[in-house]
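The values are calculated or read from the model by the stated rules, or taken from the named source; none is laboratory data. Nothing here was measured: the structure is a model prediction, and the numbers come from that model. Cβ placement follows ideal geometry from the backbone for every residue including glycine, while neighbour counts extend to all protein chains displayed.
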Amino acid sequence: MEKVRATITGVGAYVPEYILDNHELSKMVDTSDEWIMTRVGIKERHILKEEGEGTSFMGARAVEDLLKKTGTKPEEVDLLLCATVTPDHPFPATANIIADKVGIKNAHGFDINGACSGLLYTLDVAAKFIESGAKKKVVVVGADKMSSIVDYTDRTTCVLFGDAGTALLLEPTTEDVGLKDTILQADGSGRHYLYQKAGGSAYPATHETVDNKWHYIYQDGKTVFKHAVSRMADVSVEIMKRNNISPEDLAWLVPHQANLRIIDATAQRMGISRDQVMINIERYGNTTAATIPLCLYEWEKDLKKGDNIILAAFGAGFTWGATYIKWGYDGSKFHK
Ligand code: ACO
């Protein structure tokens with residue numbers, strides 16, 4: 001029997017209109033464009049300002065974009081997974097809310113929390129459903145409203161994050177394309193260095209948790225940086241080696257966009273040049289589960305069937321991983 005693989009057949013995205021740039025941030029906290037650009041590489045981020053709207057607002061718009069451009073009817077979708085750390089509510093799943101908003105009625109769905117590696121974790125689950133023959137059209141949403149958990153008086157974190165929603169369509173193929181290999185790892189002992197302390201079952205919301213600012217992101221940036229630099233590069237090099245991909249064979253590295261210095265260090269360890277790396281952190285910041293598909297969305301027109309692409313991420317947990325994809329279509333077909 002021919003091997004069935006999952007392949008990405010379209011990319012959709014939505015970013016909110018409002019732009020928070022370094023100039024505006026420097027009026028809110030003691031920071032500067034110069035510090036943010038040299039230490040992180042971000043100029044601006046998009047922020048969802050609509051009252052009462054959460055991650056599903058952006059996820060639903062990204063799915064609508066995806067379905068329209070790929071000519072997929074909502075009722076054809078048979079699974080919708082949502083990677084996010086900022087669900088609309090603790091329950092029900094944001095995946096269910098998005099499906100309802102876009103009219104997807106013949107699918108089940110659930111959320112996956114892998115923080116900044118969430119997109120890779122979720123792609124892997126989607127691929128397993130397709131490879132087993134259980135599902136034929138799977139939508140993977142990567143969406144986060146990071147502004148909902150950012151403390152805009154903390155200069156060490158508020159400059160880093162932005163909001164965005166993205167969606168990928170995955171379908172089966174027997175051609176020599178698609179998701180070919182994945183390495184996913186986790187080390188829960190890193191959980192104290194990057195987390196949102198309250199709002200879950202350990203510390204439900206009280207006056208005290210709010211007063212202590214425990215509902216915001218806490219990050220020990222230096223420790224996270226140290227682990228991110230080595231681990232993202234380790235898995236990226238490992239996946240190249242075990243699939244015999246030389247630096248010349250690689251069309252694109254699509255790294256999670258947390259810090260330009262982490263991206264450069266990864267590319268250097270892989271022996272590839274900057275022009276083989278998708279980088280848009282300058283315009284969006286770290287949108288957690290949305291960074292990787294947002295890159296694929298922006299570069300889609302340049303992607304060619306058969307391109308070797310490595311996705312790589314590191315995030316809270318700690319979680320990290322790399323995915324090797326042979327791209328399944330000429331992106332130019334959507335950009336006539
Ligand atoms: N503006 C000006 N100065 C600042 C700012 C700012 N926005 N933020 C921090 N500083 C100051 C600090 O207070 C410190 O000052 P001090 O020396 O007087 O104490 C100095 O700059 C250096 O601070 P560091 O934290 O050491 O700065 P660093 O170079 O490490 O950069 C950063 C901080 C950008 C957060 C970096 O550590 C980083 O990128 N970490 C990893 C982020 C990451 O990959 N996260 C994982 C994904 S996110 C997820 O999973 C949700």
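One table, with the values for the structure above:
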item: Members of region 280-302 that are among the hydrophobic types (A, V, I, L, M, F, W, C) and crowded, with 22+ Cβ neighbours inside 10 Å; result: Ile281, Ala289, Ala290, Ile292, Leu294, Cys295, Leu296
item: Every residue from region 39-60 that is within 16 Å of the ligand (Cβ to nearest atom) and small (Gly, Ala, Ser); result: Gly41
item: Any hit, region 64-75, residues being buried (at least 24 other Cβ atoms within 10 Å of the Cβ) and modelled with pLDDT of 95 or more; result: yes
item: Residue within region 217-238 that is crowded, with 18+ Cβ neighbours inside 10 Å, more than 20 Å from the chain's Cα centre (by Cα) and away from the ligand (no atom under 11 Å from the Cβ) present; result: no
item: All positions within region 22-38 that are over 19 Å from Arg261 (Cα atoms) and either surrounded by 14 or more Cβ atoms within 10 Å (Cβ to Cβ) or within 6 Å of the ligand (Cβ to nearest atom) (or both); result: Leu25, Ser26, Val29
item: Within region 176-209, tally of residues that are aliphatic (A, V, I, L, M) and assigned to a loop (DSSP other than H, G, I, E, B); result: 4
item: Residue list for region 142-184, filter: within 21 Å of Ile239 (Cβ to Cβ) and within 14 Å of the ligand (Cβ to nearest atom); result: Gly142
item: Which listed residue, of Val177, Val140, Val159, Val150, is in contact with a Phe, Trp or Tyr (Cβ under 6 Å, 6 or more places away or on another chain) and β-branched (Val, Ile, Thr); result: Val150
